[in-house]
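Colleague: One structure, as structure tokens, below. Some questions next.
The values are calculated or read from the model by the stated rules, or taken from the named source; none is laboratory data. Quick caveat, the model's predicted, so the values are computed rather than measured. FYI the Cβ positions are ideal-geometry reconstructions off the backbone, even for glycines, and counts take in every protein chain you see. What goes into the accessible areas is simple: the full protein's heavy atoms, side chains included, and nothing from ligands, DNA or RNA. Shrake-Rupley method; radii C 1.70, N 1.55, O 1.52, S 1.80 Å.
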Amino acid sequence: MENDFPAAALARQFPLLVARPELAYLDSAATSQLHESVIERIVRFYREDNATVHRSSCPMGSEATVAYAAARKFVAQYVNAADATEIVFVRSTTEAINLVANSWGRTILRPGDEVLLTAMEHHSNILPWQDIAKRQGAGLRLCAITAAGEIDRDDFLQKLTERTKMVAIGHVSNVLGTVNPLDELIPQARRVGAAIFVDGAQRVASGPIDVQRLGCDFYALSGHKAFAPMGIGVLYGRCPWLKTLPPYQLGGGMVDRVSMDCSTFREPPEKWEAGTPNVAGALALRSALEFLRSIDWKSYDHHCASIRSRMDDAVRSLPGVRILGSPEKKTAIFSFVSDRVHAHDLATALSTKGICVRAGHHCAQPLHAAYGVPASCRASFSLYNAEEDCDRLIDGIRWALDYF
Ligand SMILES: *Cc1c(COP(=O)(O)O)cnc(C)c1O
């Protein structure tokens with residue numbers, strides 16, 4: 001299956017990939033490379049525009065404030081939020097989850113309530129819920145996954161009850177690449193009155209996002225998984241939540257009036273952004289999303305399908321190697337194990353050939369436990385990876401298996 005997605009042409013827009021042509025970079029699920037427009041935006045901000053927002057009276061200050069507000073508006077349009085005030089700039093997906101788990105959790109969760117997660121969640125979408133559930137005397141349920149690496153729909157429906165107050169679920173698995181059927185699961189969660197948190201860390205670089213169509217309450221993403229820098233992320237929160245929940249962090253920029261016995265807070269989004277924000281990061285994220293807006297996702301889906309059939313065919317010819325999961329809908333993330341060579345040895349061998357994959361549990365130990373393996377090797381393809389990278393990976397695995 002060939003396709004005409006311009007992966008090789010896109011790769012030329014990523015300075016690191018141009019500087020290291022010897023690499024097959026297949027670790028974008030851990031962090032993606034930065035698009036040239038993103039790097040240029042960061043450099044321009046620090047060389048010409050550096051100032052804090054809200055407070056500065058120098059010309060750069062008001063320009064930074066305007067640009068920061070425009071970046072927020074752009075993000076809101078990109079994810080189709082109803083209003084820019086529903087977009088909070090955070091450090092990362094991890095921070096967004098901690099924010100919601102803490103602020104929502106201590107307000108809403110009561111003894112006997114439950115939070116429902118799935119066995120394919122990233123640790124970032126498990127630990128904050130585990131902690132708040134424990135502190136509030138609430139329960140944590142884990143929905144099973146099938147051998148194919150999909151959410152077990154029967155188990156989901158069985159564990160979804162009147163007690164479920166929150167369903168926290170990944171949009172795309174960082175290990176299996178599974179694209180979860182949120183269109184189906186979210187309405188079911190709604191019917192029992194649960195709030196819905198979507199971890200979109202792996203979605204943002206692999207498909208469009210429409211929070212209103214999804215009907216979720218919260219949606220989180222990280223810039224560094226989507227061609228922007230580390231240290232910037234987004235939390236989308238529906239207006240009633242962001243207005244009524246108590247702030248997660250307190251400090252400058254988010255208060256209305258402060259006296260020694262009582263302080264009042266500003267309206268969202270400022271209420272949620274205590275301290276000096278990462279202005280350059282927000283502007284850079286906007287540039288990354290501008291780039292992403294130019295992507296033809298239909299064509300990219302075909303590209304992922306083409307990579308997948310190439311991977312599946314090739315792996316079948318590799319003795320003792322299997323790919324974890326085979327979900328119907330997935331992006332180009334492949335975690336594989338060999339029955340003979342340890343994942344870490346495989347990854348180290350591949351790296352000597354310039355093939356960048358990752359070995360370990362990929363912050364998803366419950367998922368690896370479900371497959372009965374402690375670790376796997378993960379190759380994650382992104383917009384800039386062509387079929388050639390796939391062929392190099394396969395040749396590399398074949399060579400490594402012979403070597404060990
Ligand atoms: C990477 C990742 C996270 C955590 O993102 P950070 O940027 O490290 O906060 C959470 N969930 C998924 C699915 C991820 O892939």
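Colleague: Could you tell me the center-to-center distance, by alpha carbons, between region 1-58 and region 156-197 in angstrom?
Modeller: About 33 Å separates the Cα centre of region 1-58 from the one of region 156-197.
Colleague: Related question: If you roll a 1.4 Å probe over the chain with all protein chains in place, what percent of the accessible area is carbon or sulfur?
Modeller: Percent of accessible area from carbon and sulfur atoms in the chain: 51.
Colleague: Taking a probe of 1.4 angstrom, what is the accessible area of M230 in Å², to the nearest 10?
Modeller: 140 Å²
Colleague: Using +1 at the C-beta of Lys and Arg and -1 at the C-beta of Asp and Glu, which of C143, L283, V204 has the Cα lying farthest in the positive direction of the dipole of region 40-293?
Modeller: Farthest towards the positive pole: L283.
Colleague: Grab the eigenvalues of the alpha-carbon gyration tensor for the chain, scale each by 5, take roots, and send me the semi-axes largest first in whole angstrom.
Modeller: In descending order the semi-axes read 36, 28, 17 Å.
Colleague: DSSP beta bridges in region 40-293, what fraction antiparallel, as a percent rounded to 5?
Modeller: So the antiparallel bridges amount to about 45 percent of the total.
Colleague: Also: Heavy atoms only, 1.4 Å probe, whole protein assembly: order K330, K134 by accessible area, highest first.
Modeller: K134, K330
Colleague: Now for a different question. Can you run phi through the Karplus equation (6.51, -1.76, 1.60; θ = phi - 60°) for region 276-284 and list ³J(HN,Hα) in whole Hz, with x for Gly and Pro?
Modeller: So the J values, rounded to whole Hz, are 6, x, 7, 5, 4, x, 5, 5, 5.
Colleague: Next question, about the same structure. Could you work out how much longer the chain between R153 and D183 gets when fully extended? Use 0.36 nm per residue separation minus the Cα distance between them, nm to one decimal.
Modeller: 9.5 nm
Colleague: Sort 46-58, 234-246 by the packing proxy (mean of other Cβ within 10 Å over each peptide's residues), most packed first.
Modeller: Peptide ranking by packing, descending: 234-246, 46-58.
Colleague: Additional query: Heavy atoms only, 1.4 Å probe, whole protein assembly: order H35, H123 by accessible area, highest first.
Modeller: The residues order as H123, H35, largest area first.
Colleague: I would also like to ask the following. Once the Cβ-Cβ distance between T264 and V192 is put in as r, and R0 is 30 Å, what FRET efficiency do you end up with, to the nearest 0.05?
Modeller: Rounded to the nearest 0.05, the efficiency is 0.30.
Colleague: Peptides 85-91, 376-382, 21-27: what's the order by average Cβ count within 10 Å, highest mean first?
Modeller: Descending mean neighbour count gives 376-382, 85-91, 21-27.
Colleague: Is it possible to state the helix-based mean residue ellipticity at 222 nm for the chain, with each DSSP H run of 4+ residues giving -39500 (n - 2.57), the sum divided by total residues, to the nearest 500 deg cm²/dmol? What is it?
Modeller: -12000 deg cm²/dmol
Colleague: K134: which lysines have alpha carbons under 27 Å from its alpha carbon, excluding same-chain residues fewer than 8 sequence positions away?
Modeller: The qualifying lysines are K159, K165, K243, K271.
Colleague: Can you list residues whose amide H is under 5 Å from A24's amide H, if they're 5+ apart or on another chain and H is modeled 1.01 Å from N?
Modeller: I355, C356
Colleague: In the full protein assembly as shown, how much of Y248 is accessible to a 1.4 Å probe, in Å² to the nearest 10?
Modeller: The accessible area of Y248 comes to roughly 70 Å².
Colleague: For V75, V258, write out the residues from largest to smallest accessible area, computed with a 1.4 angstrom probe and no ligands counted.
Modeller: From most exposed to least exposed: V258, V75.
Colleague: Follow-up. If you put +1 on each Lys and Arg Cβ and -1 on each Asp and Glu Cβ, how big is the dipole of the chain around its Cα centre, in Debye rounded to 20?
Modeller: Here the chain has a charge dipole of around 800 debye.
Colleague: Given +1 on the Cβ of Lys and Arg, -1 on the Cβ of Asp and Glu, and no further charges, what dipole in debye does region 246-404 carry about its Cα centre, rounded to the nearest 20?
Modeller: Here region 246-404 has a charge dipole of around 200 debye.
Colleague: Give me a comma-separated list of calculated 3J(HN,Hα) values for region 24-33, in order, Karplus coefficients 6.51, -1.76, 1.60 applied at θ = phi - 60°, integers in Hz, x for any Gly or Pro.
Modeller: Values, residue by residue: 9, 7, 10, 10, 6, 6, 7, 7, 8, 7 Hz.
Colleague: Same structure, new question: What base-10 log of the normalised intensity I(q)/I(0) is obtained for region 71-201 from the Debye formula, alpha carbons as equal point scatterers, at q = 0.15 Å⁻¹?
Modeller: Ignoring solvent entirely, the Cα scatterers give -0.73.
Colleague: Determine which residues of region 276-311 fall in the zone a paramagnetic label at R398 would reach in this model, i.e. backbone nitrogen under 15 Å from the point 7 Å along Cα→Cβ.
Modeller: 310-311
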